[in-house]
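Have a look at the structure below, then the notes.
The values are calculated or read from the model by the stated rules, or taken from the named source; none is laboratory data. Every value quoted in this text rests on a predicted model; they were computed, and no experiment measured them. Note: ideal-geometry Cβ built from the backbone for every residue, glycine included; neighbour counts use all protein chains shown.
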Amino acid sequence: MEILSKVHARNLVEWAKNKPDVYVLSADLTSSTEVDLFRDTYPDRFLSMGIAEQNMISFAGGMAREGLYPFIHTFAVFIYRRAYDQIAISVAYPNLPVRMIGFLPGVTTPGGATHQSIEDISVMRSLPNMTILECGDATDVESVLDIAHSVNGPVYIRMLRGEIPRLFSPQDPMQFNQARTISRGSDITVLSSGICTEEAMCAIQALQREGVSIQHMHITTLKPFNDYKVLEAIANSHYGVITMENHSIIGGLGSIIAEQMAEFGIGKKLVRIGLKDTFIHGASRPYLMRKYRLDAPALIDEAGKLTGQNFNISEDELARSYVAPVHSDAKAEAL
Amino acid sequence: MISPQYNWQEEVKRVAYGIRRRVLEHTVINNGGYLSQACSAAEILAIMYIRIMNLGKTEEPLVPPLFAGVPGQKNPNSFTGAIFNGPKGPKYDRFILSPSQYALVLYALLVEVGRMDPEGLRQFNVDGYTVEMIGAEHSPGMEVMTGSLGQGLSQAAGIAMARKLRGDTGKVWVFMSDGEWQSGQNWEALQAISYHNLDNLGIYIDANGQQCDGAMGDVMNIEPLADRLTAFGARVHRVDGHDLDMLVKPILEPIQQGKPLIVIADTNPWKGIEILKERYPKLHYVRFLTEQEREQYAVLLKSL
C-alpha cells in the first residue's frame with residue numbers, strides 16, 4: 001500500500017492556483033493543518049486569525065457574503081465545539097459557501113479529549129443547510145475540494161493530515177452523495193467511513209478468505225444522505241449491516257443508517273462499530289483503535305456474532321493482509 | 001451635493017423626534033416595546049443615516065416584502081433587508097445593526113428617513129412578515145444575522161475585509177450597544193480588525209448603560225471602555241450621544257491609517273420621554289405594569 005505525506009498541503013496549492021476568490025483562514029494551526037505551503041505560495045490569500053475561532057467563523061461569513069470563498073483551517077473541535085453558535089447563525093442560516101476543514105477526527109490525535117472530535121458529525125448534521133464530507137484516503141483528500149466547492153452552501157470536511165494511505169485509485173475521485181463500492185457480496189454489508197475503511201478492508205480480506213461474502217462500501221458524503229445503492233445493499237444482505245466509524249455511534253454514520261433503514265422499512269440487523277457514547281483520552285491511534293474497538297479485529301468479532309460463526313483469524317494473518325489501491329467499484333478479485 | 005440651505009441638524013432633530021414618537025406610539029398600542037433604546041439611540045441612528053453614511057437612495061419608501069422562507073439551496077427567493085439601505089456599490093457605505101434588539105428603533109428610523117412605508121411598522125411582530133421583533137437578515141435595514149450578540153462585529157469585519165481586498169471605497173458602519181462589549185467575541189473581532197488594518201470600518205456605540213437585567217454596572221462592568229478599545233488598536237472618541245456636532249466631529253478628523261474609528265456615544269435612556277426614568281433600572285423592554293401607567297404614556301403620546 002502506498003503511503004503519502006502532506007497530501008492536502010500540496011493538493012490545496014495546486015487546486016487553488018486559478019481560484020483567486022479562495023482564501024484560507026487559519027487559527028494559529030497553520031502547519032498543523034497543512035496550509036503553510038498555501039501561506040507561502042499565496043500570502044495575499046492567507047489570513048491569520050489567531051486563536052479566536054468564534055470571530056474567525058463569523059468573519060468568514062462576512063467574507064462569503066461578499067462573494068469570497070473562505071476555507072477555514074483548524075482542528076475540528078475548535079470549529080464545531082468552540083464556535084457552534086457562530087456556525088449556525090453567521091454561516092449556516094444564511095447558507096454561505098464557507099468551507100470548514102476540520103482536522104484530527106476522533107482517534108487520529110494523541111491530544112486527548114480536548115482535541116479529539118468524537119461527535120462532530122452528530123452536531124453538524126443537525127444544522128440545516130450543512131453539507132458534511134469525510135476523507136478516508138489520499139484520493140479522497142485530493143478530490144474532496146472539488147466536491148466541497150460545487151456545493152452552494154456551507155461544507156464541513158473531516159480531513160486527514162500527515163501520512164495517509166492511498167486506498168483508491170487517483171483516477172477514481174470521490175463522488176458527491178455516492179458511496180464507493182469496494183467489494184461486492186451478500187452475507188453482510190459493511191459501511192465504513194474515514195480511517196475505519198482501511199481497517200475494514202484489512203478485516204474483510206481475511207473474512208473473505210473464510211468464505212464470507214461481504215458488500216463493503218466506503219461512505220464519504222454524510223449529509224445529505226440519500227444514496228439508494230447503500231440501502232439496496234443493506235436490503236440484500238443476508239445477515240445484516242455493520243457500520244464502522246471513527247466517531248460516536250450517536251449521531252454519526254451508524255445513526256444515519258439506522259434512520260434510513262427505519263424510514264425505508266428495511267428490517268435487517270444493524271451493528272454499529274464506533275465510540276460507545278464515551279469520551280476518549282490522549283494516546284496513540286493504534287492503541288485507541290484497539291481499546292475502543294474501532295479496528296479490524298473489532299469488525300471480525302462483530303461479523304462473527306452477526307453470522308453466528310467463530311472466525312479464527314490470528315493477528316499475524318491480519319497483519320499480512322495487504323491493502324492495495326482499488327477502483328471503488330472493483331470486483332472482489334481485483335483486491 | 002448638499003445645498004447650502006440644507007440644514008442637516010434640523011433634519012436629524014426631526015428624525016430623532018419621529019423615532020421616539022413612533023416607538024412610543026407602538027409601545028402604547030402594543031403594550032410593549034424597546035422604548036429606552038429609541039430614547040438613547042435616536043440621534044445616533046438618525047445622524048448615521050443622514051450625515052455619516054454614504055448610502056444609495058431608495059426609489060421610494062418600500063413596503064417590506066413578506067417572509068420568503070429561510071435561505072437555502074432550494075430557496076432562490078430569500079432576501080436581505082439591505083434593499084432599504086439603497087443599492088450596493090463600491091462607493092457606497094454599508095450599515096450593520098449589531099444589537100438586533102434595536103430593530104424597532106431602526107424600523108422607525110427607516111420610516112422617518114423615507115426608506116420604509118409607514119405600513120411597515122404595522123407589520124411589526126406580525127406572523128408571516130419580515131418586520132420581526134428581534135430583527136433578522138431579512139428585516140428592513142438589516143443584512144446579517146445579529147440577534148446572537150457578538151457576531152455582528154465579526155461579520156461586519158469580514159465584509160470590510162472583502163471590500164478592502166476588492167478596493168471598494170465605501171465603508172462599513174456598525175451600530176452597537178454598550179452591553180454587548182461584555183461578550184468576548186467582540187474583542188476577538190476588534191483584535192482582528194486592528195491586526196488586518198480595517199480602517200474602512202467604523203463603529204458607533206450607544207452607551208446607555210442599560211442591559212436586560214438592569215444597569216450595566218450591576219450586571220458586569222466594562223469600564224474603562226474607551227481605554228480598553230484604544231488598547232485594542234482603535235481610534236476612540238467619547239462624546240455626548242445627543243449632541244449632534246459632537247457626534248459628527250470624529251468623522252471630520254483625518255483617518256488614522258489602519259485604525260478603525262469607534263465613537264462611544266454616552267446617552268440617556270429616557271431622553272425625550274422623561275417618565276421612563278421612573279422605571280429605572282428596568283428599562284430594557286417596556287411592558288406597562290398597570291393600565292394606569294399605560295394611560296400615562298398615552299397622554300404623553302398625545303402631547304407630543
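Out of B:E11, B:E43, report the one residue that is modelled with pLDDT of 95 or more and either closer than 15 Å to B:A265 by Cβ or of a type in the set (V, I, T) (or both).
Numbers: B:E11 fails: either closer than 15 Å to B:A265 by Cβ or of a type in the set (V, I, T) (or both).
Only one candidate passes the filter, namely B:E43.
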* Asked: Applying the selection to region B:260-287, what residues are more than 30 Å from B:T230 (Cα to Cα), out of contact with any Asp or Glu (no Cβ under 9 Å at 6 or more places or on another chain) and assigned to a loop (DSSP other than H, G, I, E, B)?
  -> B:G272, B:I273, B:Y280, B:Y285, B:R287
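B:G152: under 24 Å from A:A83 (Cα atoms), more than 8 Å from every other protein chain (Cβ to nearest Cβ) and assigned to a loop (DSSP other than H, G, I, E, B), yes or no? First the steps, then the outcome.
Details: under 24 Å from A:A83 (Cα atoms): yes; more than 8 Å from every other protein chain (Cβ to nearest Cβ): yes; assigned to a loop (DSSP other than H, G, I, E, B): no.
Taking the combined requirement at face value, the residue does not satisfy it.
Given the condition of a type outside the set (A, V, I, L, M, F, W, C), surrounded by fewer than 17 Cβ atoms within 10 Å (Cβ to Cβ), free of Cβ contacts under 8 Å to residues at least 40 places away in the same chain and within 20 Å of B:Y49 (Cβ to Cβ), answer yes or no: does some residue in region B:251-274 qualify? So that I can check it myself, show each step before the final result.
First pass over region B:251-274, keeping only residues of a type outside the set (A, V, I, L, M, F, W, C): B:253-254, B:256-260, B:266-269, B:271-272, B:274.
With the extra rule that they be surrounded by fewer than 17 Cβ atoms within 10 Å (Cβ to Cβ), the set shrinks to B:253-254, B:256-258, B:274.
Right, trim to free of Cβ contacts under 8 Å to residues at least 40 places away in the same chain and you get B:253-254, B:274.
Now restrict to residues that are within 20 Å of B:Y49 (Cβ to Cβ): none.
Looking through region B:251-274, none of the residues is of a type outside the set (A, V, I, L, M, F, W, C), surrounded by fewer than 17 Cβ atoms within 10 Å (Cβ to Cβ), free of Cβ contacts under 8 Å to residues at least 40 places away in the same chain and within 20 Å of B:Y49 (Cβ to Cβ).
Give A:I72, A:I118, A:I79, A:I57 a once-over and let me know the one that is buried (at least 24 other Cβ atoms within 10 Å of the Cβ), within 22 Å of the chain's Cα centre (by Cα) and within 11 Å of chain B (Cβ to nearest Cβ).
Working: A:I72 fails: within 11 Å of chain B (Cβ to nearest Cβ); A:I118 fails: within 11 Å of chain B (Cβ to nearest Cβ); A:I79 fails: within 11 Å of chain B (Cβ to nearest Cβ).
Result: A:I57 is the single residue among A:I72, A:I118, A:I79, A:I57 that is buried (at least 24 other Cβ atoms within 10 Å of the Cβ), within 22 Å of the chain's Cα centre (by Cα) and within 11 Å of chain B (Cβ to nearest Cβ).
Select from region A:252-289 the residues that are among the charged types (D, E, K, R) and assigned to a helix (DSSP H, G or I) and list them in ascending order. Reasoning before the result, please.
At the first step, the residues of region A:252-289 found to be among the charged types (D, E, K, R) are A:259, A:263, A:268-269, A:272, A:276-277, A:285.
Within region A:252-289, A:E259, A:E263, A:R285 meet the criteria.
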* Would you check which residues across region B:21-74 are within 14 Å of chain A (Cβ to nearest Cβ) and either over 24 Å from A:S90 (Cβ atoms) or outside any loop (DSSP other than H, G, I, E, B) (or both) and list them? => B:G72
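Just to check your reading of the model, which residue among B:N125, B:N77 is out of contact with any helix residue (DSSP H, G or I) (no Cβ under 7 Å at 6 or more places or on another chain), modelled with pLDDT under 95 and part of a loop (DSSP other than H, G, I, E, B)? Before you say what the answer is, go through the steps one by one.
Numbers: B:N77 fails: modelled with pLDDT under 95.
Only one candidate qualifies: B:N125.
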* Number of the condition not met by B:Y17 [criteria: (1) in a loop (DSSP other than H, G, I, E, B); (2) surrounded by fewer than 23 Cβ atoms within 10 Å (Cβ to Cβ); (3) not basic (K, R)] -> (1)
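Could you tell me which of the residues A:G102, A:G50 is in contact with a Lys or Arg (Cβ under 8 Å, 6 or more places away or on another chain), at pLDDT 95 or above and either not assigned by TED's automatic domain parsing to the domain that holds A:L25 or not in a helix (DSSP H, G or I) (or both)?
Selected residue: A:G102, the only one of A:G102, A:G50 that is in contact with a Lys or Arg (Cβ under 8 Å, 6 or more places away or on another chain), at pLDDT 95 or above and either not assigned by TED's automatic domain parsing to the domain that holds A:L25 or not in a helix (DSSP H, G or I) (or both).
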* Asked: When only residues in region B:162-176 that are buried (at least 19 other Cβ atoms within 10 Å of the Cβ) and under 15 Å from A:Y69 (Cα atoms) count, which is farthest from the other protein chains (Cβ to nearest Cβ)?
  -> B:R163
* Answer yes or no: is there a residue in region A:12-20 that is within 21 Å of A:E119 (Cβ to Cβ), more than 9 Å from every other protein chain (Cβ to nearest Cβ) and either buried (at least 18 other Cβ atoms within 10 Å of the Cβ) or aliphatic (A, V, I, L, M) (or both). => no
